[in-house]
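Here is the structure we will look at, set down as structure tokens.
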Amino acid sequence: MTREIAYALAACVISISLLSGCATARRSEPLAGPLRLTNAQQQHGQLVFTENCNKCHPGGEAGLAPAINDKPFPDFLKKFQVRHGLGAMPHFDKQKISDADLQDLMTYIAAIHRQKPSREQTRAVEAADRP
């Protein structure tokens with residue numbers, strides 16, 4: 001029974017990862033002001049992100065790896081990918097990122113995801129994209 005669940009989860013993660021390649025990365029235009037980290041979990045999550053994730057996902061955007069700030073996946077799938085890796089992404093076991101650190105990381109990624117460019121920034125980008 002648990003083997004079947006593991007296979008089902010792996011199939012979901014693989015499917016979602018393949019589909020996520022169709023999403024676009026957030027452009028490098030500035031966010032709407034500085035990212036406001038309102039609690040200790042977000043601040044600690046930022047440290048975990050900087051130490052482990054920022055090399056490949058700079059600021060949550062695409063770099064060596066795809067962007068993660070525009071993916072609406074539930075936390076359990078993100079945690080599964082962090083723990084098990086996929087493709088070129090390494091896995092991070094509990095010795096590298098503890099369960100508490102992983103939860104703080106998810107809180108920080110949610111804060112990045114919620115941060116939106118201002119209306120003026122969006123209009124400027126749209127205008128710059130027009131031929």
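The values are calculated or read from the model by the stated rules, or taken from the named source; none is laboratory data. Quick caveat: nothing in here was measured; it's all calculated off a predicted structure. So basically every Cβ, Gly included, is an ideal-geometry build from the backbone, and we count neighbours across all protein chains shown.
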> Tell me, which residue of segment 95-112 that is touching a residue at least 40 places away in the same chain (Cβ under 8 Å) and not hydrophobic (A, V, I, L, M, F, W, C) is nearest to PHE76 (Cα to Cα)?
Replying inline: GLN103
>> Given the options GLY87, GLY45, GLY60, name the one that is exposed (fewer than 15 other Cβ atoms within 10 Å of the Cβ) and touching a residue at least 40 places away in the same chain (Cβ under 8 Å).
In response: GLY87
> Which residues, counting only those in segment 87-106, are over 26 Å from ARG36 (Cα atoms) and within 14 Å of the chain's Cα centre (by Cα)?
Replying inline: MET89
>> Let me spell it out: the conditions are (1) at pLDDT 85 or above; (2) over 19 Å from HIS113 (Cα atoms); (3) surrounded by 15 or more Cβ atoms within 10 Å (Cβ to Cβ); (4) of a type in the set (A, V, I, L, M), and LEU77 meets all of them except one. Which number is the exception?
In response: (2)
>> Quick test for you: out of ALA32, ALA8, pick the one residue that is over 17 Å from ILE109 (Cα atoms) and at pLDDT below 80.
In response: ALA8
> Residues LYS96, LYS71: which one is modelled with pLDDT of 90 or more and surrounded by fewer than 19 Cβ atoms within 10 Å (Cβ to Cβ)?
Replying inline: LYS96
>> Out of LEU64, LEU105, I need the residue that is at pLDDT 85 or above, in a helix (DSSP H, G or I) and within 30 Å of ALA10 (Cβ to Cβ). Which one?
In response: LEU105
